[in-house]
């Protein structure tokens, strides 16, 4: 079995790196066994797949689609999280999907899996999903200026809630969040705190290259369109993926009981959607490039180029 990784074209970001678990393959025999088990499960359940960079409303889309009887109950939230962040084995992905499959019924196909681009990566795990899925791959996008700023803000808020900052740094960071100007706190947003691979757009470029080269069906959706007119967009998605639209997709009520992955800290990223009863309208405004820390500016520019190129793609779902 070839364990090599294909690389994002042009090494888009200067600090690109793989998720810790992706492509490590320290024990080839064991990794091959675990990959085979994942491929076997995927070939049975053939999930529907949502793939997205972080902070693009992909969780809201997953919750909405999971309300369809043809998809739910529930969905698999980021089964690659431990694999990507902790270097855990491929078996953790299989286990996460298997849990949902058992809830839905062992013979069930078309369960929904939602995953981040940088967590699924661009190697054998990604290929296993692309070779064993139901319907088109659903790819969700958002203006990278908005999505990357959103993740930076969440990272800053985490630091402010923690106890590791001195008074002066806490004041600087709090002011940056209030002004949405992070240009002066780059030293508090180092790669140890926010690795650039967590942006996810370089992985998306490589994944889309793979999908197109192999003529895998896909749908591109802009998060702003989804949040501005969720009913019309969800009706279009349902038609494309072959499931029926139900009103609960737009108004799902509170306390849905969703489990946000296996990492202990995952829930904090989804507090807003977890506390909502439906899809929230877009209200955010882009910040200028100069408001990002220096090391983020080139990645933001490159991500914007990828986004603008995909906006012209014929696979885009327009409403």
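Restricting to the range 218-231, and then to whatever is farther than 21 Å from residue 133 by Cβ and in contact with a helix residue (DSSP H, G or I) (Cβ under 9 Å, 6 or more places away or on another chain), can you tell me which residue is surrounded by the fewest Cβ atoms within 10 Å (Cβ to Cβ)? Applying the filter and picking the extreme gives 231. Out of curiosity, is residue 129 touching a strand residue (DSSP E or B) at 6+ places or on another chain (Cβ under 9 Å) and not in a strand (DSSP E or B)? Yes; evaluated as a whole, the condition is true for this residue.
The residues in the range 295-306 that are under 14 Å from residue 149 (Cβ atoms) and touching a residue at least 60 places away in the same chain (Cβ under 8 Å) can be counted, and the count is 5. Quick one: in the range 61-74, of everything that is crowded, with 24+ Cβ neighbours inside 10 Å and in contact (Cβ under 8 Å) with a residue 60 or more places away in the chain, which residue is nearest to residue 303 (Cα to Cα)? So the residue we want is 61. Of the residues making up the range 166-217, those that are out of contact with any helix residue (DSSP H, G or I) (no Cβ under 9 Å at 6 or more places or on another chain) and free of Cβ contacts under 8 Å to residues at least 24 places away in the same chain are 166, 167, 168, 171, 175, 178, 192, 212, 213, 215.
Values quoted throughout were computed directly from the atomic coordinates according to the rules given, and no laboratory measurement underlies them. All values derive from a computational prediction rather than experimental measurement. Counting neighbours? That spans all protein chains shown, and the Cβs are built from the backbone with ideal geometry, glycine included.
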